[in-house]
Every structure is written in C-alpha cells, then in structure tokens.
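Please treat every number below as a calculation from the coordinates, not as lab data. Quick caveat: nothing in here was measured; it's all calculated off a predicted structure. FYI the Cβ positions are ideal-geometry reconstructions off the backbone, even for glycines, and counts take in every protein chain you see.
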Amino acid sequence: MTDRNQPSLAWGTRTFLAFVLVVAASMLSIAIVALIVGPPLFHEHMLELGHTGGAAEMVHAEQAFFDAGVRSLGAGLVVALGLATLLAWWETRRLRRPLDQLTSTAKQLESGDYTARVAIGVGSPEFGAVADAFNDMASRLDSTEDSRRRLLSDVAHELRTPLSTLTAELEAISDGLVPWDREGHELLAQQAARLQRIANDLSDVSRAEEGRFELDPHPVPVAELVDHAVAQFRPRYASKGVELVAAADGGVVVADAQRVGQVLGNLLENALRHTPSGGHVRVSAETFKGDARISVTDSGEGLTPDQRDRVFDRFYRTDTSRARDAGGSGIGLTIARSLARAHGGSLTVESPGPGDGATFTMILPGSPLPERTSS
Ligand SMILES: Nc1ncnc2c1ncn2[C@@H]1O[C@H](COP(=O)(O)OP(=O)(O)OP(=O)(O)O)[C@@H](O)[C@H]1O
Ligand SMILES: [Mg+2]
C-alpha cells in the first residue's frame, strides 16, 4: 500500500492523545472555575455569619479554605487524569485491534491470498458490518480468481485438440505423407472453424462465469421473442427434415430481447443437432402469474440423468469426438443459463431418457410494469 499523506503519528496514538487532551482541558476548566467562584462565595458566607472583612480570624479562615480547596482539587484532578489516561489507553487499544486486523487482511488479499478473511465478532456491531462487507468482497474476489484459473486451464485444454490436429495434418502434408486434397482441406477448415468459435465465445464465457452480463431490458411480447428465433431456424430445420412448431400466448415480459434471442438460438441449434430427420421440435411460450415460461422440446437423442446434470457445465458435450468436430464448443448452455439468471430467471432441462427427447425451459420474471398488455 502507498504512503499517501500519512500523518507522522499512528492513528492509535493520535486517538489516545486526543482522549487525554479532552480530559485535561475539562479538568483545567473545572480548576479555573472552582478557583474563581469558590473564594468569593466563601467570603460572602463568612460575612453573612457576622464576621468582619479584614479581621485576622476571617483572613485565616479564607486562607485555610483556599489551601484546602487547592489541595483537594489538585489531588482529585491528578487521580482523575491518571484514571482517564488509563481508560483512554484501554479504549484506544480496543478500537485499534479490529482496524489492525482489517489492514493485515487487506494486505494478505493484496498479496494474492484470496482465502484471507476478517474474524467477525471482534469489535463493535458497526465493525461487524464492515467485516461482513469486507468478507463478502473477499469471497467474490476468491471465486472470480478461481473461475479465472479454471477457465484458463479449460480453454488451454480445448485449444489443444484442434491445434494438434492442425499441426499433425500440416506436418503430414508437408512431409508428403498425405496429399493436399479436398478431404484434408475440409479437416483443416473444420479445426480452424472450431478455434474461431472458441475465440468468439470466450468473452461471453468469462462474463457468464462471473455473472456480469449487462442487459438492456424492455417490455416485449413473448410471441415476438419466439417468432423471431423460430423464423431464423426454419430453413435449416426444413432442409434436415425436422418439423418445427411454435406456440405463444399474448403475454409480455421485461427482457433483453437480443440476449433472450441468443438463448433461444442456442436451444434451437442444439435441438436441431440432436434430433434426427423425421423428428419434431416444439417451442412454446406462456405467461403465468407474471412469469414467462419458454420451452423448447425435441423428440431427439435425449439425455441420461448424469448428462442432464452436466449439460450446463462449461465445455461439456455428451458425444465428445463427434460433437467436437461437427458440433459446438459445449459452452452455449453455460452462457444461456447465465443469461437467464442475469434476468432473474432460470434455465433447466428435463429428459425422460436417451432416445426420448429433451425439454429445456427458461423462466423469465414477469413485467413489473402496470400497463401489461396482451396482444
Ligand atoms: N436438445 C439436446 N438433446 C440432447 N443433448 C443435448 C441437447 N442440447 C444440448 N445437449 C448436449 O449438451 C451439450 C452442451 O450443449 P451446449 O449448447 O452447451 O454446447 P454445444 O451445443 O455443444 O456447443 P455451443 O457452445 O456451440 O453451443 C451438447 O454438446 C450436447 O451434448
Ligand atoms: Mg449449443
């Protein structure tokens, strides 16, 4: 940490001196007031009792009063000052302890130890609230760092396969072991496309991992979201021979239409890829108690319970070798679920089992606007 305009004395010492100074100033005021007010009052009382001003007896009594007053006041002030200093020292130490702990934990975080946390329960409830907020921040840093580390190793792993295929193929061609033909060209183009896809998706993946998508939500009819996504896929479904049907009610949802389109696009792409010719895919959207529920059901390959649990994992594909070459990178659903969550909603999957198709359901919270319309 940098030394920005640091005062020469430590905070604890300054607080302690401030305490002592306050106590000393109040005692000095007490002493001055007592010495100014006390003797004239005593003098007045003596006159009221019938003593004559200036008489030797009266002078002696007044001197005795003054001496006794100064001594007892002096002794009292010394004891009080000692006690106050002791209390000030103890209180300063008590206040300093949690702050010292906060500083040393912040230093640990700064040096890269993201597991460091401040002990809750040390100091006042106000400090407890600061410690809570600080620990939340540290946990967030810890999980971001952890996901960054895992992401890097996953990405390195993902890049390795297409890169080694490319390298091996190029070496074989340059050594004359394999002819430069159409098949070889396609293989290289496929691997290059795969690298391109990974590169395109990477920025979304890290945003998805850290849950920091920026949305631009507006009220939009669910029918519009569905129609738009379906229209883009119709030609490809028709050419594969997979029936595509869509149905939506007249509800409106507040959502980022482009991002929801991205989610539906991935679901429709997946359904097309995993449904054989002659099969069918149904997209339905309904609004219920303010929530929009959009689902994509296919009659395709389906999923085992284990696959169901893992499809949202980053870079997960059920059929590794074939899907790697012909399919995607296995991050579409990771991004899709994160986008649904960024809307305050969810994305889940159900499947009766392999060969019986799958249903992906996205829930989006309903419109908070009073002028909800149905069209
Ligand atoms: N409708 C489905 N039926 C069967 N399996 C599916 C279906 N949708 C997804 N999967 C499985 O889940 C995996 C992950 O899907 P995801 O969309 O995340 O990745 P992907 O489609 O392989 O690649 P991309 O990143 O381009 O979307 C797929 O590889 C596939 O194995
Ligand atoms: Mg996909």
Original post:
Of VAL20, VAL349, VAL118, which is the most mobile in a GNM of the chain whose springs link Cα atoms less than 10 angstrom apart?
Top reply: VAL20
Original post:
Given springs between every Cα pair under 10 Å in a Gaussian network model of the chain, which of SER164, SER174, SER147 has the largest fluctuation?
Top reply: SER174
**OP:** Using DSSP to define loop residues, name the trypsin sites (Lys or Arg not before Pro) in segment 1-109 whose beta-carbon has at most 15 other beta-carbon atoms within 10 Å.
**Re:** ARG4
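Given a cut-off of under 8 Å on Cα pairs at least six residues apart, what relative contact order in percent is computed for the chain? Please list the in-between numbers first.
Details: 451 pairs, mean separation 45.5, N = 375.
That works out to 12 percent.
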Original post:
Toward the positive end of the charge dipole of segment 11-113, about the Cα centre and with charges on Cβ (Lys, Arg +1; Asp, Glu -1), which of SER72, SER104, VAL23 goes farthest?
Top reply: SER104
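Only helical DSSP H runs with n ≥ 4 go in: add -39500 (n - 2.57) per run for the chain, normalise by residue count and round the 222 nm mean residue ellipticity to 500 deg cm²/dmol.
Working: 9 runs with 232 residues, N = 375.
One gets -22000 deg cm²/dmol as the mean residue ellipticity at 222 nm.
Considering every pair of different Cα atoms, what Kirkwood radius, in Å, is found for the chain? Kindly include the intermediate steps, with their values, before the conclusion.
Details: mean 1/r = 0.0353 Å⁻¹.
The answer is 28.3 Å.
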**OP:** Among HIS157, ALA189, THR167, flag the residue with its Cα farthest along the positive direction of the charge dipole of segment 143-210, charges on Cβ as +1 for Lys/Arg and -1 for Asp/Glu.
**Re:** HIS157
Original post:
Taking Cα atoms, how many degrees apart are the long axis of helix 56-110 and the longest axis of the chain, rounded to 10 and kept between 0 and 90?
Top reply: 10 degrees
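Given axes a ≥ b ≥ c from the Cα gyration tensor, I'd like to know whether segment 210-353 is rounded (a/c under 1.5), prolate (a/b larger than b/c) or oblate.
It is oblate, given that a/c is not under 1.5 and a/b is not larger than b/c.
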Original post:
Which of these, HIS51, HIS280, HIS218, has the largest mean-square fluctuation under a Gaussian network model of the chain (Cα springs below 10 Å)?
Top reply: HIS51
Subject >> Sorted by Cβ density within 10 Å, fewest first, the residues ILE32, ILE335, ILE120 >> reply: ILE32, ILE120, ILE335
Subject >> Degrees between helix 125-174 axis and first principal axis of the chain (Cα, 0 to 90, nearest 10) >> reply: 30 degrees
Original post:
What ranking do 177-188, 242-253 get when scored by the average of other Cβ atoms within 10 Å per residue, highest first?
Top reply: 242-253, 177-188
Subject >> Acute angle (nearest 10 degrees) that the helix 11-48 long axis makes with the longest principal axis of the chain, alpha-carbon atoms >> reply: 30 degrees
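Explain nothing, just the number: relative contact order of segment 164-286, from Cα pairs under 8 Å at least 6 residues apart, as a whole percent. List each step's numbers first, then the result.
Numbers: 115 pairs, mean separation 32.5, N = 123.
Relative CO of segment 164-286 lands at 26 percent.
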Original post:
Counting alpha carbon pairs within less than 8 Å and at least 6 residues apart, what relative contact order, in whole percent, applies to segment 11-113?
Top reply: 46 percent
